[in-house]
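Beneath this line is the structure, given in structure tokens, with notes to follow.
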Amino acid sequence: MNDVSPPARYDFAMAEPRWQAEWEARGCFAVPDVPDGSRPKSYVLEMFPYPSGKIHMGHVRNYTLGDVVARHKRATGHAVMHPMGWDAFGLPAENAARERGVHPAAWTYQNIANMRAELKRMGLSIEWDREFATCDPSYYGQQQALFLDFWQAGLVERKESWVNWDPVDGTVLANEQVIDGRGWRSGALVEKKSLNQWFLSITKYAPELLAALDGLDRWPERVKLMQANWIGRSEGARVRFPLTQAVDGPTGQMSEVEVFTTRPDTLFGMSFLAVAAEHPLATAAAARDPAAAAFVAECRAMGTSEAAIEQAEKRGFDTGFRVAHPFLEGATFPVWIANFVLMEYGTGAIFACPSGDQRDLDFARKYGLPVPPVVLPPGADAATFAIGDTAFTEDGTLFNSGFLDGLDTKVGKRKAIEALEAKGAGQGVVNWRLRDWGVSRQRYWGCPIPAIHCDACGVVPVPKNQLPVTLPEDVDFSKPGNPLDHHPSWKHVACPRCGAAARRETDTFDTFVDSSWYFARFTAPHAGTPLVAEAVNHWLPVDQYIGGIEHAILHLLYSRFFTRALHGMGKLATPEPFAGLFTQGMVTHASYRAADGRWLYPEEVEVAPDGTATAKATGEAVAIGRGEKMSKSKNNTVDPGAIIGRYGADTARWFILSDNPPERDMEWSEAGVAGAHRFVQRLHRLTTAALDGLPSPDETERLLAGLDPARDRAALALRRETHGAIAAVSTALETFAFNVAVARIHGLANAIGEASDTAPATGAARREALETLLRLAAPMMPHLAEELWSLLRPRHGPEGEARLVAELPWPEADPALLVADTVKIAVQVLGKLRATIEVPVGAPEADILAAAEAEENVQRAIAGKPIRKRIHVPGRVVNFVV
Ligand code: ANZ
Ligand code: ZN
């Protein structure tokens, strides 16, 4: 029995750290790298955070969701791997160095320390022994080893590629760092520049990466679609157009231009040919015509991203070159340079059919080029059909098209390709939108690419026994450009092959490389090789991966590529990294904006009961924005640390889970958190108030085994509620319907509160209900569950035989108690529904018929007439024939 009476209010600030220490001390969340396999494995992972300095509500939501899954899996008998680490390289650390003079490493590790402490306060069931940061040499050194394996496997290439170049900062900019054509920091006009860079050959895996999407049945359809579009398989043809006169190009004479098209059926609708500004024909035009050169230069100033090109106004320049047509004897067409043609796609050149392509049509209208229609929409009349401002891009019947006339689009494509191949003017091809992955970054705070440039030997890999290639610590951020490049000594090394003076590669990896295999490294994070086969093959694939939709394309695709490549090299058994993927919604919050456009903090605003808001300081009206993503620029963020300090971690977790299904956005509100906190306190009261009258656990078992349905109605009703909750919460947790689980637990708490009679049987049912409630709520409110469990099951003796909730198996529902104890029966008179009655399951037929007949509505319908027939379909319907 309890000898100390529990405090009136739940003191979460005392309890939460105590239980966290207890879990840690008992190693509740630890699993071996290579388990014995006696329990099924479950690898639960949330996308690891970037150590920006503080956790935000998005993190809280992400890690709470993962923690519920991990705790539930553990309770259902799984060996659960649930690790945490840091995606720690990247530009913000370098910016901090440039702006505040703090070293990127110091800045990063300080942020990690802060955020680790905040995550620990959330009570996450993480195995912290597996923690690493991608900027630890023990991680990135292994990444360098992995890269050497990729190199050996033929998956590494060096190629010239176009980059955004900031001429003032002397750096390459990512597409997101180009804002309206200018460097985000210097404000200088960004130029396109061609650099020799490192690439990983992801395109070799394009067909597999696409085909395998079909097998990912626990991924959101939306994400699979985004990946498929990104990989972008297109069937079409390459067509060669002879130039009417040979042209002197940058690398010799050119006599033809090759294009890629998905619509070879529309070749008779050709109006002109267009090349990208970086195409050799454009270079040739620029070399002989200053106006062409000016146009090319202008195109270069435009960002290289597809989005930038898509948005820009269509513009072009007629080179004066002309091409012949493969089918139209004697016809020739002009060659334009056009800003909407991408050098990186297909062949960097197109034939334009304005009647069948909107971009071509916009361009043709702007420059007064012909628009011959060649595809007749179903039902249209060839004599009158004309193209206005909208191209006809759908399937139809070919006309004005010589030997293709009368064919439908699909057959036309095939016939056109056959004809091209027969003439030697082209061939059918499959084109992929996916590009090889440029991994070079001219930055300091990243993983050094382990290569050495030797004048005699060329590019030489750093031998594995010389890894890791670590970053120098003494770096100068006051100069523009890459600090690794202008470091006085770091790059000067001897060639590993010939011993001559050589230079280290000063590019570092794109940080997406770091996050493409961290999930595999977690399975043996301290090993002296990148991966340990027994460990990684035991744990991968990740059973449940959870993160934001913003990573739906790049991070997930790169991780899939890495996994496939390692699988191909025989280093990984699984070809796919993530068997299950869940993408959570955003956390939003109301925002407040004053008339002058200033964003106010919630504390600065008074919200009236009618929902209008005024600024506390000035009394002026304030506009409320509902459901906007939390953002520092709008002053509508809520600091998780402050919330946990004020209400405790369990309240924050409970509120986050209760509001909406986790795939949807949720609105953070003060009222919501306060409500969640009231429920935490209510559970504490419910338990402490019940304590004195509860039978012991042994007594409870005995009483429950001997319940009498006639006498112990209240106890049985509560038991039904309890076991119904077990079934419902179990299903809800398995299907990410966490808000449904929360609602059901509220229902159980209400039922416990209502079952107030003092019979011993009811006491037993109450203990069962309370204990079950705690165990069901434990994945969501783990500290409170432990605290109340320890009151219900205080420890005796030196063995401390009562275990932690974190160590208990998941409760099981008794099937007998899941069967409803009453059924609803429809009552008809002459086949017309007149009433519904609820009767005990298995009630005698006579009782049911009597109850049905007694219904007022039924009596009215019978209207005193004799009942000729009583039909009873048990469990469903009674019908009176009069
Ligand atoms: C002629 C044509 C006629 C086209 C027509 C379309 C409709 P997807 O499906 O994305 O593969 N294209 C080819 N290379 C390009 C490049 N480097 N930059 C910009 N556009 C390019 O798109 C293939 C179509 O996009 C190709 O088919 C080509 O235009 C254009 F009625 O060729 B089409
Ligand atoms: Zn050498």
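State the extension gain, in nm to one decimal, for the chain segment bounded by A820 and S194, taking 0.36 nm per residue of separation less the distance between their alpha-carbons.
218.1 nm
Near K491, which aspartates and glutamates are there with a Cα under 19 Å away, not counting those fewer than 8 places off in the same chain?
D455, E473, D474, D476, E505, D507
So which lysines pass the test for K634, namely a Cα distance under 24 Å, with those fewer than 8 places away in the same chain ruled out?
K54, K616
Taking the Cβ of each residue in F403, F333, F578 as the centre, tally the other Cβ atoms inside 10 Å and list the residues starting with the fewest.
F403, F333, F578
Compute the label zone of R646 within region 668-684: residues whose backbone N is under 17 Å from the point 7 Å along Cα-to-Cβ.
Within reach of a label on R646, which here means backbone N under 17 Å from a point 7 Å along Cα→Cβ, region 668-684 contributes 668-681.
Measure up K832/K865; K159/K423; K366/K423; K120/K571 against 25 Å on the Cα-Cα distance and list the ones that go over.
Distance filter (> 25 Å) returns K159/K423; K366/K423; K120/K571.
Do you know the relative contact order of region 101-205, to the nearest whole percent, from alpha carbon pairs under 8 angstrom that are 6+ apart?
23 percent
Spin-label point model (7 Å from Cα, Cβ direction): what's the A212 to E603 distance in nm?
5.0 nm
What aspartates and glutamates could a cross-link reach from K192, if we take a straight Cα to Cα line under 15 Å and drop same-chain neighbours fewer than 8 places away?
Within the straight-line cut-off, K192 pairs with E160, D166, D169, E176, D180, E278, E298, E306, E344.
Mind jotting down the distance between the C-alpha centroids of region 65-130 and region 157-197, whole Å?
Cα centroid to Cα centroid, the span is 32 Å.
Compute the relative contact order of region 736-882 as a whole-number percentage, counting only Cα pairs closer than 8 Å that sit 6 or more residues apart in sequence.
Reported as a whole number, the value is 16 percent.
Report the relative contact order of region 573-657, percent, no decimals, based on alpha-carbon pairs under 8 angstrom and at least 6 residues apart.
Here the relative contact order equals 27 percent.
Using a 10 Å cut-off around each Cβ, can you sort V873, V163, V44 from fewest to most neighbouring Cβ atoms?
V873, V163, V44
If the chain between K464 and A743 were fully stretched, how many nm would it gain, using 0.36 nm times the residue separation less the Cα-Cα distance?
94.8 nm is the gain from fully extending K464 to A743.
R0 = 51 Å: FRET efficiency of A21 with A287, Cβ-based, nearest 0.05?
0.10
Along the charge dipole of the chain, pointing to its positive end and built from +1/-1 on Cβ of Lys, Arg, Asp and Glu, which listed residue (G611, Q143, H723) has its Cα farthest out?
Farthest towards the positive end: H723.
Cβ neighbours within 10 Å, averaged per peptide: list 498-510, 601-613 in order, most packed at the top.
498-510, 601-613
Taking a spot 7 Å from the Cα of L830 along the direction of its beta carbon, which residues of region 849-874 have an amide N less than 17 Å from it?
In region 849-874, the label zone of L830 (backbone N under 17 Å from the point 7 Å along Cα→Cβ) covers 857-871.
Sort H555, H783 by Cβ crowding within 10 Å, fewest neighbours at the top.
Least to most surrounded, the residues fall as H555, H783.
Could you tell me the center-to-center distance, by alpha carbons, between region 802-863 and region 384-422 in angstrom?
A separation of 66 Å, based on Cα centres.
Positive end of the dipole of the chain, charges at C-beta (+1 Lys, Arg; -1 Asp, Glu), about the Cα centre: which of T409, Q311, C28 has its Cα farthest in that direction?
Farthest towards the positive end: T409.
Read the figures in this text as sums done on the coordinates, not as results from a lab. Computed from a predicted structure; not experimentally measured. Because the Cβ atoms are built from the backbone with ideal geometry, glycine has one as well, and the counts that use them run over all protein chains shown.
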